[in-house]
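One structure is given here, and the rest of the page talks about it.
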Amino acid sequence: MGKRLTKQARGKGSFTFRVRKKSYIYRITYPRLDTEGKAKIISLFNSSAHTTPLVKVKINEENFFVPSANGVYEGQEIWIGKRPENKKPEPGDILKLKDIAQGTNVFNIEFSPGNGGKILRSGGSSGLVMNRDEKGVEVIIKRRMIKLNENCRAVIGTAAGDGRKIKPLIKAGKRYHMMKAIGRKWHRTSAIKVNAVDHPFGSGRGKRIKSKIAKRYSAPGQKVGHIRPSRTGRTK
């Protein structure tokens, strides 16, 4: 009995192609918009679903999870909102974009106020807060600029875990397993190069050319090759 097609195997949802649910038990978010004051980092830990270590932060009786900034530690006190006496914010502090000075590195930025951090969350990433006007605040990300609402929140500093790409891969097998873990196809093998049991177009030997059009009512995993043409005329 031959192997299943890769597309069929993915669609079936076997353990080989299934994401571990336990990896995504931590939801990255911020406290309520009106929450301000001193908060404490309760724990700093690794999450297998994220390239950045996460921190569990407690303010009042509320706990939430955010990506860790470079240099923070367990038990550290951070501020949500402006620090008293207009002191300079430190890495790990959470502020609204309108309260952040121009030229400051930020990460874990909200797209709209209150929806939690959505962009710049991977290890080592950060953006630069630039000009502000009545339309919003500009944030430069590498070579592009986005304009966001001034009440969107962000974490001061650079996301931790920036050294993860320094270690060389050495072997192609390491890259293969790394890509497989994040669900990407690497490398893609042409259909005609695989065995006949693995794909309808497999082997390539013999004079009997196989149909390039999948059956109209075939399963999603079996629909390979050309798309079935639309039916025209009277049904016989």
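When you scan the range 128-146, how many residues do you find that are surrounded by 15 or more Cβ atoms within 10 Å (Cβ to Cβ) and of a type in the set (D, E, K, R)?
Here the count works out to 2.
Being surrounded by 13 or more Cβ atoms within 10 Å (Cβ to Cβ) and touching an Asp or Glu at 6+ places or on another chain (Cβ under 7 Å) is true for just one of L97, L54. Which residue is that?
Among L97, L54, only L97 is surrounded by 13 or more Cβ atoms within 10 Å (Cβ to Cβ) and touching an Asp or Glu at 6+ places or on another chain (Cβ under 7 Å).
Okay, residues lined up against (1) touching a residue at least 24 places away in the same chain (Cβ under 8 Å); (2) within 24 Å of A69 (Cβ to Cβ); (3) of a type in the set (S, T, N, Q):
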position	(1), (2), (3)
N105	yes, yes, yes
N108	yes, yes, yes
M130	yes, yes, no
C152	yes, yes, no
T158	yes, yes, yes
L169	no, no, no
H177	no, no, no
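Per-residue answers, yes or no, for (1) at pLDDT 90 or above; (2) more than 26 Å from the chain's Cα centre (by Cα); (3) in a helix (DSSP H, G or I):
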{"site": "M145", "(1), (2), (3)": "yes, no, no"}
{"site": "V155", "(1), (2), (3)": "yes, no, no"}
{"site": "K167", "(1), (2), (3)": "no, no, no"}
{"site": "M178", "(1), (2), (3)": "no, no, yes"}
{"site": "G183", "(1), (2), (3)": "no, no, no"}
{"site": "V197", "(1), (2), (3)": "no, yes, no"}
{"site": "G206", "(1), (2), (3)": "no, yes, no"}
{"site": "Y217", "(1), (2), (3)": "no, yes, no"}
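The values are calculated or read from the model by the stated rules, or taken from the named source; none is laboratory data. Note that the coordinates shown come from a computational prediction; the quantities given were computed from them, not determined experimentally. Please note: Cβ atoms are built from the backbone with ideal geometry, for glycine as well, and neighbour counts cover all protein chains shown.
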